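Reviewing the structure listed below.
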Amino acid sequence: MKDKKNLLAIINLNYSGLEVVLCYFYFLKKKNYNFTIALGEFSLLEKLKNDSVNNEIIKDLDIKLITGNFKSENTIKFFIFNKLSFFLPKKFYFIFFYNFSLISILKIFFKSDCIFHEYGNDLKYTGIIDFISIFNKKKIYLYNSATAPEFFLEYNPSINGKIDIRKKSTFLLYDENVRSVYEKIGFENFFETGYHRYNKDWIDYKINKCDEYYKINKKIIVIFSKNFDDKNIPKNLRIEIFSKIIKLIKKYYSYDIFIKPHPRDNLKILKLIEKMFEKVNVTNLDSMYLIKNSDLTISLSSSIIFDALILKRNHLDFYVKQAMRHQASGSRWSKLGILSTSSFDELETIVRDKKFTFNESLIKSLPSTKLPIF
């Protein structure tokens with residue numbers, strides 16, 4: 001019998017990257033592969049500890065998990081090693097930034113046939129790519145954790161910044177229509193995977209797992225927050241925006257309101273908002289599970305709004321002009337035909353009269369899902 005190939009996914013940027021990798025591995029589970037996931041940041045491990053569903057999926061798919069060797073970020077050792085990493089060449093950055101038990105990570109690295117890694121504009125998150133590229137036998141696959149079709153994007157160097165150009169990697173595109181964006185950034189090799197997250201098999205599998213652990217026996221409304229730059233949108237403005245939306249919802253609905261933070265959100269502000277209102281809760285429950293059980297989903301310019309469209313739940317994108325300098329022309333979702341507004345008056349009209357719309361053609365136009373053969 002042929003030996004199994006070893007697939008290693010390194011996640012050190014967003015918790016949403018874990019969702020992407022689990023989805024990919026799910027569709028590869030019947031193949032002859034061994035799966036390993038390495039979590040680089042302590043905060044990612046902390047989130048996973050509280051995520052019963054993803055922990056169960058990791059067990060279900062027989063994924064080996066490698067975590068950092070620091071028990072807490074609040075230690076002198078952690079502080080010194082992370083500060084020291086900034087003075088090292090980028091290709092050696094991973095040794096300290098990932099905080100792995102070095103022997104464990106090197107062992108699994110040299111045994112791996114393929115490496116998955118989320119790309120990011122900030123080189124400190126992907127410096128390991130330089131190191132991996134030295135070994136030509138390693139197949140490197142990069143992916144973006146954004147889960148919505150991005151064929152409306154336009155690359156602007158002054159906004160996107162200078163990104164490491166990874167000539168020896170293959171970028172896993174969701175949709176061929178966005179290829180030109182990443183070509184301008186400097187990527188050369190691509191493979192179109194389609195939108196695995198929206199595959200019915202995966203959705204049914206994930207929702208069934210959620211049903212085993214979570215029970216929502218009441219009608220809810222979900223507000224998906226956004227990781228607004230605190231320098232760009234002050235605390236008081238964020239509180240004001242949330243307060244107006246919540247008061248408006250409460251005017252017409254008596255349902256509980258759940259606020260789902262973005263993976264890099266300011267939780268202190270959201271917790272403060274939670275204390276201001278009754279029947280408002282900040283939650284870490286799975287996004288799709290929340291949407292599936294919601295009567296209404298409101299997104300603050302987050303790609304999660306596309307999930308609500310796929311699951312055919314009432315949805316609305318509220319575009320916050322002050323916080324979206326890189327989208328000065330308006331909501332990117334309205335360009336796709338998704339219901340969007342930046343007006344509180346229009347928001348009230350839609351919520352009051354339930355003027356929700358669904359773009360069925362957008363759902364039907366999604367490319368079929370596939371993965372490369374490793």
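The values are calculated or read from the model by the stated rules, or taken from the named source; none is laboratory data. Note that this is a predicted model, so its numbers are computed, not measured. Cβ: placed from backbone, ideal geometry, glycine included. Neighbour counts: every protein chain shown.
Tally the residues that are surrounded by 13 or more Cβ atoms within 10 Å (Cβ to Cβ), part of a loop (DSSP other than H, G, I, E, B) and without any contact (Cβ under 8 Å) to a residue 24 or more places away in the chain, restricting the search to region 187-218. The number of residues fulfilling the criteria is 1.
Conditions (1) touching a residue at least 40 places away in the same chain (Cβ under 8 Å); (2) closer than 19 Å to N14 by Cα; (3) touching a helix residue (DSSP H, G or I) at 6+ places or on another chain (Cβ under 8 Å), marked per residue:
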{"residue": "N227", "(1), (2), (3)": "no, yes, no"}
{"residue": "K235", "(1), (2), (3)": "no, no, yes"}
{"residue": "I239", "(1), (2), (3)": "no, no, yes"}
{"residue": "K244", "(1), (2), (3)": "yes, no, yes"}
{"residue": "Y252", "(1), (2), (3)": "yes, no, yes"}
{"residue": "P263", "(1), (2), (3)": "yes, yes, yes"}
{"residue": "K271", "(1), (2), (3)": "no, no, no"}
{"residue": "K275", "(1), (2), (3)": "no, no, no"}
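Only a single criterion out of (1) within 28 Å of K260 (Cα to Cα); (2) at pLDDT 85 or above; (3) aromatic (F, W, Y) is not satisfied by F42, namely (2). From the list I257, I239, which residue is at pLDDT 95 or above and either surrounded by fewer than 17 Cβ atoms within 10 Å (Cβ to Cβ) or farther than 30 Å from P367 by Cα (or both)? After applying the criteria, what remains is I257.
The residue list K71, K59, K31 contains one member that is surrounded by fewer than 19 Cβ atoms within 10 Å (Cβ to Cβ) and modelled with pLDDT under 70, which is K71.
Of note, K29 satisfies the criterion of being touching a residue at least 24 places away in the same chain (Cβ under 8 Å), more than 20 Å from the chain's Cα centre (by Cα), under 21 Å from C210 (Cα atoms) and in the same structural domain as T193 (by TED's automatic domain parsing).
Looking at K275, K226, just one residue is over 23 Å from the mean Cα position of the chain (by Cα) and either among the basic types (K, R) or buried (at least 22 other Cβ atoms within 10 Å of the Cβ) (or both), and that residue is K275. Test L316 against the criterion of being closer than 29 Å to N54 by Cα, modelled with pLDDT of 85 or more and either surrounded by 19 or more Cβ atoms within 10 Å (Cβ to Cβ) or not charged (D, E, K, R) (or both), and give yes or no. Yes. Say whether the condition of being on the phi > 0 side of the Ramachandran plot and buried (at least 16 other Cβ atoms within 10 Å of the Cβ) is met by at least one residue in region 353-369. No: zero hits.
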